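Below is one structure; the comments refer to it alone.
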Amino acid sequence: MARVLGAAMMMTVVVSYGLPPPNVRSRSGSSLAKSPVSSSHKIQNKLQPRRGVARAVATTGGDEQSSLLETLKTGSFFALWYLFNIGYNIYNKKALNAMPIPWSMATLQLFVGIPYVMILWLVGLRKAPKMSPDNVKTLFPIAMGHLGTHIGAVISLGAGAVSFTHIVKASEPVVSAVLSALILGAYYSPVTYATLLPIVGGVALASLKELSFTWLGFFAAMLSNVSSALRGILAKSVMKKPVGENMTEANLYAVLTIIAFCVLTPVSLFIESPATIKAAWDSAIASGLTPSYLASVSLLSGAYYYLYNEVAFLALGRVNPVTHAVGNTIKRVVIIIASVIAFNTPITPLGITGSSIAIFGTLLYSLAKQRYG
């Protein structure tokens, strides 16, 4: 698995920093308008339309080739996004099942990606961001939204089934709509608000008879939803102009992760002391798990976490909101199915119906918001 992850990381770097697509340039002839008209020039003028057609064909071919390469690149980002997301949810759940220390696990997952991005900056594969203290201050509230989104999800995934967490997280549009109205004074069309009803109803149905339902898992997932919605709202409010230099989508995510890690570390150590972490480790060893297993699932969950978020930033920055909405909906379905298979999670017919309604409602909301506002 480590080899697979290493190959996937290399693929991410290659796709992100591959050579630009070749441009087919036509040869430019000398201008005839500035020369005296002669018989030879007349002949050139007769041939000029054919040359123009040749140049147009060459340019069109270059544009088509470039468009195809861009489409393949975007498709590769989406495939990696889904792959890494599935890997994260599976290994995160395995790590939490072995050692129920969600705060420490969330901190580790934030940390694991930092050496990776530092190496990219140091060797020049990615330009390092340049930021002032004011830039960091601007990004700080967004990083707190990022932190809340992560810690809420990890606690929820530790308290219940992966599928249930993602069913609850499908209700994020409802939270976003409410907070946008309260904080930004932004109101949507009645059609958009109507699409929230199947989301609420679907989550309620799925939760009603959910065999793995826990209130901790539910409220932690809702904390993740609130934090994610606030992150989006704050980003719209404070990032009206570029913050710092070289702040690409990938670098923005890296900076948010570093800030979140610095804030979470002391909080995590306060809630789960080193003695608590050692006790969880010893208990896992006593149950028959090996140190190599515990280390591998913990580190892999962190690696997959960072990579899936980075690739998500890269993928979603290349598509329009409709494609974003469809891709996000499919991602959630894929994760729920993969987790049910991986952990043999029992799910009731009512749970299947409710989750399907909620996820479909999420897609309708995104499409209605794009069309009607």
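Yes/no matrix, rows are residues, columns are (1) among the hydrophobic types (A, V, I, L, M, F, W, C); (2) over 26 Å from TYR253 (Cβ atoms):
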residue: GLY145; (1), (2): no, no
residue: VAL162; (1), (2): yes, no
residue: HIS166; (1), (2): no, no
residue: VAL174; (1), (2): yes, no
residue: ILE183; (1), (2): yes, no
residue: THR192; (1), (2): no, yes
residue: PRO198; (1), (2): no, yes
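Taking the conditions (1) surrounded by fewer than 21 Cβ atoms within 10 Å (Cβ to Cβ); (2) over 30 Å from GLU70 (Cα atoms) in turn, GLN370 satisfies each one other than (2).
Taken together, the residues in the stretch 157-191 that are farther than 17 Å from ILE233 by Cβ and outside any helix (DSSP H, G or I) amount to 4. Of the residues making up the stretch 68-121, those that are over 21 Å from PHE343 (Cα atoms), surrounded by 16 or more Cβ atoms within 10 Å (Cβ to Cβ) and charged (D, E, K, R) number 1. Each residue in the stretch 241-261 was checked for being part of a loop (DSSP other than H, G, I, E, B), touching a Pro at 6+ places or on another chain (Cβ under 7 Å) and surrounded by fewer than 18 Cβ atoms within 10 Å (Cβ to Cβ), and 2 pass.
For the stretch 206-221, the criterion of being more than 22 Å from ASN309 (Cβ to Cβ), among the small types (Gly, Ala, Ser) and part of a helix (DSSP H, G or I) is met by at least one residue. Taking the stretch 175-193 as the range and being of a type in the set (A, V, I, L, M, F, W, C) and surrounded by 13 or more Cβ atoms within 10 Å (Cβ to Cβ) as the test, the residues that pass are VAL175, ALA177, VAL178, LEU179, ALA181, ILE183, ALA186, VAL191. Could you tell me how many of the residues in the stretch 118-156 are touching a Phe, Trp or Tyr at 6+ places or on another chain (Cβ under 9 Å) and either outside any helix (DSSP H, G or I) or within 25 Å of LYS94 (Cα to Cα) (or both)? Residues meeting the conditions: 13. Looking at GLN65, is it surrounded by 13 or more Cβ atoms within 10 Å (Cβ to Cβ), modelled with pLDDT of 95 or more and not hydroxyl-bearing (Ser, Thr, Tyr)? No.
So is PHE270 among the aromatic types (Phe, Trp, Tyr), free of Cβ contacts under 8 Å to residues at least 12 places away in the same chain and in a helix (DSSP H, G or I) or not? In short, yes. Comparison of SER268, SER301, SER224, SER237 shows that the only residue that is within 30 Å of LEU316 (Cβ to Cβ), of a type in the set (S, T, N, Q) and over 22 Å from the mean Cα position of the chain (by Cα) is SER268.
The values are calculated or read from the model by the stated rules, or taken from the named source; none is laboratory data. Everything numeric in this text was worked out from a predicted model, so none of it was measured. Methodologically, a virtual Cβ is constructed for each residue, glycine included, from the backbone with ideal geometry; neighbour enumeration extends over all protein chains shown.
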